[in-house]
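Notes follow the structure.
The values are calculated or read from the model by the stated rules, or taken from the named source; none is laboratory data. Model, not experiment: these values are computed from the prediction. Every residue, glycine as well, gets a Cβ built from its backbone with ideal geometry; the counts of neighbours run over all protein chains shown.
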Amino acid sequence: MDKLRTAAVIHLDRLAANVENIKKRLGPGVALIAVVKGDAYGHGIAGIYPTLRRCGTAGYAVAYWEEGAALREAGAEEPVYLLAPIRDEELPRLLEHRLIPALYDADTAERLNALAAAAGTAAPVQIKLDTGMHRIGFPAEESSLEPICRIAAMDHLRVVGAFTHFARADELDCPMTEKQTERFRWMLAALKERGVAIPAVHVANSPSILLRPGVQMDAVRAGDVLYGLCPVEEDIWPEQGLKEVMTWESYVAMVKTVPAGEPVGYGGTFVTERETVLATVPVGFVDGYSRRLSNRGRVRIRGKMAPVVGRVCMDQFMADVTDIPGVVRGDRVELLGEGMTILQMADLLDANVDEIVCGVSKRVPRVYTGG
């Protein structure tokens, strides 16, 4: 990133290693669906797709149709599943981009069936079951059997799968995941009794992949673990052998020495207690470097950690480099990496790891390396 103000560096070799790590955990015949919603959790769909393809990913899961279209534009021919709701006005996009929606009401299914009939095709769909998350999905109960059977009988829809989402799979001793699995299996059995056999089912998300091999079924959906983001208790995370794929860099734009007793930045929230050497870094909260890191964050310069002092501005922040000899303009600054991992920053901000990587602004170029 020598000529860039800042860059989120995406380490494709780490991504490939994470895929192999995940695949070794899967039983025979279990497919890997890569979750690439949110522009691949901020890593960039187009930039990581070639690596995932080479690694033998069976399919992709996104939230909305626009993300599926981006995958197709990147060259993806594999199945692309939508996990989130879709508006009626957007249904033609499913046919246009060959996307597989999550259906959870018969009315939407009827509209899609009519569109597919007019196009002379049969649209693949999945059935979303709500087993306890209470977000979207047919409730896993008797009342849902009739509308699902009606969908399965539609001439221009092809039910290719069913899935649910676990609410508490990251908790080791929580019985909720087992209850959700039981409800899901009950629905599959009840549908089969009525002549509706679902070809492929998947329930396992990232924490389930690590903690519950018994719920792999036909496929697993790898999100956090794909990018090396911790989805489980931190004390068991290091032993999983997964690596964070994104690091974040910038440079020192200016070095200045200020005397003791000087307020630094907006509002003077930091006052120097000694003669202090400050390094200005041209990154701010518009880039996704949270304002909550004011007087709390740390960056690594010349292999040593420097505290963020004063308020993080829209486009810049300052770090105290008094105890790091020889810092000069142009020195590399590591915002995320070995010195401050994504997990450590999430802990510091009382945030989720996904918030950190998804919060890195589009203004920050993604630079791909190790591919």
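Odds and ends about this structure:
- All strands (runs of 3 or more DSSP E) inside the stretch 209-302 with 2 or more residues being at pLDDT below 95: none
- Checking each residue in the stretch 140-182 for being touching a strand residue (DSSP E or B) at 6+ places or on another chain (Cβ under 8 Å), in a helix (DSSP H, G or I) and buried (at least 18 other Cβ atoms within 10 Å of the Cβ) picks out SER144, ILE148, ILE151, ALA152, GLN180, THR181.
- In the stretch 244-268, the residues that are more than 15 Å from ASP320 (Cβ to Cβ) reach residues that are among the polar types (S, T, N, Q) and part of a strand (DSSP E or B) with C-beta atoms within less than 8 angstrom, at least six apart or across chains, in these pairs: ALA253/THR280.
- Test: residue in the stretch 189-205 that is over 14 Å from GLY132 (Cβ atoms), charged (D, E, K, R) and touching a residue at least 12 places away in the same chain (Cβ under 8 Å): yes
- Just one of the numbered conditions (1) within 19 Å of ALA222 (Cα to Cα); (2) in contact (Cβ under 8 Å) with a residue 40 or more places away in the chain is not true of MET176: (1).
- Test set (1) within 21 Å of ALA189 (Cα to Cα); (2) out of contact with any Leu (no Cβ under 9 Å at 6 or more places or on another chain); (3) of a type in the set (Gly, Ala, Ser) - ALA74 fails condition number: (1)
- Residues of the stretch 85-99 that turn out to be out of contact with any helix residue (DSSP H, G or I) (no Cβ under 8 Å at 6 or more places or on another chain) and either crowded, with 16+ Cβ neighbours inside 10 Å or small (Gly, Ala, Ser) (or both), as a count: 1
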